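Remarks on the structure that follows.
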Amino acid sequence: MTPEFEPARLDDVDDLLRLYRRAHGANYPIAMGTDPDVMAAEIEAPHTTWLVWRRDGRVVASITGHIESADRLGKIAGLVVDPDVQGGGIAHHAVGQITGRMLASGDVDSVYGTARTIHLAPQRVCLRNGFHPLGLVPNLFKHAKRETMTLLAKHRDGVLEQRAEVHKVPQSLERLVRATHATMPTLPEFVEDTTFTAAEVSRLEVIEAPQFVQRHFEHTINDPARRFYPLHRPNVLLADERGEYQIYGHLNRHDGYCTIFGATPSPQALLPHLGGVIDTLAGLGAPHVETLVPLHEFDELSALVAFGFLPVALYPAMRKDGEVYHDYVVMVHTPQPPDFRGLAIDEAFRPFTEQYIELWTQKFLNTNGVFRA
């Protein structure tokens, strides 16, 4: 019998807390599985769809979906199935039903999710529901240790056929582009990366005042393309003491990462100073730094690679702009070397894994020019 999921209710919170504890133990780090106030707020939030399946009056499976209406994007997360009922296709139906609801709502053009690599089941549940592999994000999630996550997405019918054409891409992104090129109008030309010279490092002033930073961001950044970072709100502002640039970010000290976006006066003004930004964020407890860059921004992508950011995922048709959709690249700077020991990764992610290892080796283990006679 197909399990029929239904919206969670406020009186489900205690059941949900017990479910997450049974499935993940006492150390689950996500508030939506451990904090009853946060869970209650999300159940009632208009941007959240929380579905549960009950058996014998008890919640035994749960999944959440979050919609960013302004960006027409959705995200699934928090899939959990009681260990006593696992193995009967419950997870498959959970992902299928919530994704179907979100795509049918008319509010989103694609739904994405991340899947852990400690075992194959979460990845394959998404793949069998029509999600496409987009990449592999190393050292992203902090549970018992830092974990590598896979990234997947499913699009509304017709969206992928409306991708904007990209004419040239840095050579360092070739394998990533080829792994996801199937619905591109044409393959771009792969051109040698532009070289960049680092600017003299200046001190950065750090403002950690979430409400102020959010208001400042809303007032300062008006271009939708530069505001774009789905499901993230800025909570930190880094300002060059000489006034040459500012950059907004979402800092998460618990997981040790920061997303950066919304540079002023422009991303180009920031590029020579990326080394100082990385050092400052590491000092704030966020050695893992991420950013999203449109695939057509050749110089910006080249500069990020020059400063040690590596392309780890490509999200096709991520943002709508008029009548077309733009592809975005997930760029990551992490000090930890790739470590795939003990991971379980589906074959669909092999191209992304191999391109990351190759780029990391070229960037950080290339000994050309190191030795002197």
Query raised in the report: Is it fair to say D107 is touching a residue at least 12 places away in the same chain (Cβ under 8 Å), open to solvent by 30 Å² or more (accessible area, probe 1.4 Å) and part of a helix (DSSP H, G or I)?
Result: no
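I'm trying to understand the selection: among the residues of region 166-184, which are of a type in the set (G, A, S) and crowded, with 17+ Cβ neighbours inside 10 Å?
First, pick out the residues of region 166-184 that are of a type in the set (G, A, S): 172, 179, 182.
Residues satisfying the conditions are S172, A179.
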Report summary line: Those strands (runs of 3 or more DSSP E) completely within region 131-221 that have 2 or more residues that are closer than 30 Å to H93 by Cβ and modelled with pLDDT under 95 are 132-142, 146-155
Report task. Please work out which one of (1) touching a Ser or Thr at 6+ places or on another chain (Cβ under 7 Å); (2) open to solvent by 40 Å² or more (accessible area, probe 1.4 Å); (3) more than 24 Å from V289 (Cα to Cα) is the condition L187 fails and give its number. Result -> (1)
Report task. Select, from A286, A313, A306, the only residue that is within 23 Å of F364 (Cβ to Cβ) and touching a Cys at 6+ places or on another chain (Cβ under 8 Å). Result -> A286
Query raised in the report: If you scan region 86-102, which residues turn out to be β-branched (V, I, T) and either in contact with a helix residue (DSSP H, G or I) (Cβ under 6 Å, 6 or more places away or on another chain) or open to solvent by 20 Å² or more (accessible area, probe 1.4 Å) (or both)?
Result: V95
Query - Subset of region 111-124 [surrounded by 23 or more Cβ atoms within 10 Å (Cβ to Cβ) and either over 18 Å from V312 (Cβ atoms) or in contact (Cβ under 8 Å) with a residue 60 or more places away in the chain (or both)] - result: V111, Y112, T117, Q123
Query raised in the report: From the list T64, T49, which one is in the same structural domain as V13 (by the TED database), polar (S, T, N, Q) and open to solvent by less than 30 Å² (accessible area, probe 1.4 Å)?
Result: T64
Query raised in the report: For region 350-366, does any single residue satisfy the condition of being on the phi > 0 side of the Ramachandran plot and aliphatic (A, V, I, L, M)?
Result: no
Report task. Would you be able to say whether some residue in region 56-76 is hydroxyl-bearing (S, T, Y) and touching a Lys or Arg at 6+ places or on another chain (Cβ under 7 Å)? Result -> no
Query - Residue within region 302-325 that is in contact (Cβ under 8 Å) with a residue 24 or more places away in the chain, touching a Pro at 6+ places or on another chain (Cβ under 6 Å) and over 16 Å from E174 (Cβ atoms) present - result: no
Requested in this report: Out of P311, P316, P265, P294, report the one residue that is in contact with a strand residue (DSSP E or B) (Cβ under 8 Å, 6 or more places away or on another chain), modelled with pLDDT of 90 or more and surrounded by fewer than 20 Cβ atoms within 10 Å (Cβ to Cβ).
Outcome: P294
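The values are calculated or read from the model by the stated rules, or taken from the named source; none is laboratory data. Given the structure is predicted, the values throughout are model-derived calculations rather than measurements. Cβ coordinates were reconstructed from backbone atoms using ideal geometry, including for glycine residues, and neighbour counts include every protein chain displayed. Please note that ligands, DNA and RNA were not included when accessible areas were found on the heavy atoms of the full protein model with its side chains. Shrake-Rupley method; radii C 1.70, N 1.55, O 1.52, S 1.80 Å.
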